[in-house]
Amino acid sequence: MVLIGLVGKTNVGKSTFFKAATMTDVEISNRIFTTIKPNEGIGYVTSPCPCREIEKPCNPNNSKCINGTRFIPIKLLDVAGLIPGAHEGKGLGNQFLDDLREAPVLIHVLDVSGTTDSEGNPSKNHNPIEDIEFFENEVNLWYAKIFQREWNRMAKESEITKSDFEKQIMNRFSGLGIKKEDIHKAIEMSGVDPTSPTKWIDEDIFEFAKNLRKISKPIIIAANKMDLPEAEKNLKIVKEKFPEKIIIPCSADYELALRTASEKGLISYMPGSDDFEVLKSLTKDQEDALETIRKFLKRFGSTGIQECLNKAVFDVMNYIVVYPVEDETHWSDKKGRVLPDAHLVPKGTTARELAYRIHSEIGERFIGAIDARTKRKVGADHELKDRDVIKILTR
């Protein structure tokens, strides 16, 4: 299952974001280090379900479909808050960073309102630009520290044995989820010589580690607390400072309020939408609160929470959704369930690779596939497209 890490300093709304996205019961507090052990929960990314095309209700098995929108599960990890010096073990730094090893993408929950200082204490007019710079620097230093610990031994071994240094890095640090192509690209970006790693100085190692982190653990910024007074002004400043970054205005508080009201049957609300429908009589306070949230939705298009998850998976990780079926005519499995399973796979995944993802035995018996829309047979190397409905043929 796709994993996303929720990160940031303490007291910025990470746990509220996590609860709003997963509806998992976690402690939410303004105390420092409320989150000590990482919280794990299931969130969802959304995609138009192919059932819209056949005007037939689907029967989701590993996901769910609501009014023609497929909700595909992903795992969210809410880790302990970060403070300056975390890469040296300050606060819960070592634990925080180790918890992130397997997450291929991070969502940095940023207090864009400026109401918390660099250590998460209540503040006024704190500059959120400082938080972005400090956070990325801490993660980059963590990466560099990991490599520096073993660099001399690894570099000497590579030069003596004349082995592939990029492959050696990949094998030695496989726990970071890095690929050989990531390492190759980071080396090129850093302008260093992979055939003479013993000549790399500390600055070279840091530059390589920083570039590798950018490639292997990209960061989306969730500009949270957009419902507070200074947030909109600060958002503009942050976007001007970092035009290359994905920055999404968010209100985790509003998303949590909407999902809670929806669970209680007070409103009908689809995560990621720009409005909701009131279903029951409300108190004056409830009406006023929901009207304030409605104005926010109209202004920003959504609370931003669902957009963050979708951006992380579909735009940053570059994943697509595919639907394997056994009956290409009715788009169903052998039990007659229509579009039962939605699989998140990297863009570029082939028909044969999908077969192996479903089950190793199916992959071994693979002989071809059928595109259920066109009814055409495709080969093993056929690259799947987003929302493909595909039948795997086996011998």
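Set the Förster radius R0 to 45 Å, insert the Cβ-Cβ distance between Glu240 and Arg365 as r into 1/(1 + (r/R0)^6), and round the FRET efficiency to 0.05. Provide the component values of the computation, followed by the final result.
Working: r = 56 Å, r/R0 = 1.24.
Once rounded, the FRET efficiency stands at 0.20.
For the pair Asp315/Glu53, report the inter-label distance in nm, with labels modelled 7 Å from Cα in the Cβ direction.
Label-label distance for Asp315 and Glu53, simple model: 2.5 nm.
Compute the length gained on full extension between Ser163 and Lys298: take 0.36 nm times their separation in residues and subtract their Cα-Cα distance, giving the result in nm to one decimal.
Result for the pair: 42.8 nm of gain on full extension.
List, in the order given, every pair from Lys180/Lys214; Lys19/Lys295; Lys241/Lys311; Lys56/Lys347; Lys19/Lys236; Lys264/Lys298 whose Cα-Cα distance in the structure shown is over 19 Å.
On the way: Lys180/Lys214 15 Å; Lys19/Lys295 23 Å; Lys241/Lys311 21 Å; Lys56/Lys347 27 Å; Lys19/Lys236 27 Å; Lys264/Lys298 23 Å.
Listed pairs above 19 Å: Lys19/Lys295; Lys241/Lys311; Lys56/Lys347; Lys19/Lys236; Lys264/Lys298.
Along the charge dipole of the chain, pointing to its positive end and built from +1/-1 on Cβ of Lys, Arg, Asp and Glu, which listed residue (Leu141, His126, Leu309) has its Cα farthest out?
Leu309
Decide, for segment 138-211, between rounded, prolate and oblate: order the square roots of the alpha carbon gyration tensor eigenvalues as a ≥ b ≥ c, take rounded if a/c falls under 1.5, and otherwise choose prolate if a/b is larger than b/c, else oblate.
On the way: a/c = 1.36, a/b = 1.24, b/c = 1.09.
Because its axes are fairly even, with a/c under 1.5, segment 138-211 counts as rounded.
Multiply the residue gap between Asn137 and Asp285 by 0.36 nm, knock off their C-alpha separation, and tell me the result in nm, one decimal place. Don't skip to the end; give the middle numbers.
On the way: separation 148, 0.36 × 148 = 53.28 nm, distance 4.35 nm.
Roughly 48.9 nm would be gained on extension.
Along the charge dipole of the chain, Cβ charges K/R +1 and D/E -1, which of Gly348, Leu256, Gly114 sits furthest on the positive end?
The one lying farthest along the dipole's positive direction is Gly348.
Give me the percent relative contact order of the chain, please, defined on Cα pairs under 8 angstrom at least 6 residues apart. Walk me through the numbers before you get to the answer.
Details: 750 pairs, mean separation 63.2, N = 395.
Relative contact order comes out at 16 percent.
Please identify, among Leu279, Leu235, Leu82, the residue showing maximal mean-square fluctuation in a Gaussian network model of the chain using a 10 angstrom Cα cutoff.
Leu279
What residue among Pro324, Pro249, Pro57 has the largest mean-square fluctuation in a Gaussian network model of the chain, using Cα springs under 10 Å?
Greatest mean-square fluctuation among the candidates belongs to Pro57.
Relative contact order for segment 319-394: what is it in percent, counting Cα pairs under 8 Å that are at least 6 residues apart? It would help to have the intermediate numbers written out before the result.
Values: 163 pairs, mean separation 29.2, N = 76.
After rounding, I find 38 percent.
So if I place +1 on the C-beta of Lys and Arg and -1 on the C-beta of Asp and Glu, and nothing else carries charge, what would the dipole magnitude of the chain be about its Cα centre? I want it in debye, nearest 20. Working shown, then result.
Working: 58 positive and 61 negative charges, 206 e Å.
For this selection, approximately 980 debye.
Counting pairwise Cα distances across segment 242-305, what percent come out greater than 20 angstrom?
On the way: 512 of 2016 pairs.
Summing the P(r) of segment 242-305 above 20 Å gives 25 percent of all pairs.
Each value in this text was obtained by applying a stated rule to the coordinates, not by laboratory testing. Bear in mind that the values here come from a model prediction, so they are computed numbers and not experimental data. Positions of Cβ are backbone-derived with ideal geometry, glycine not excepted, and every protein chain shown enters the neighbour counts.
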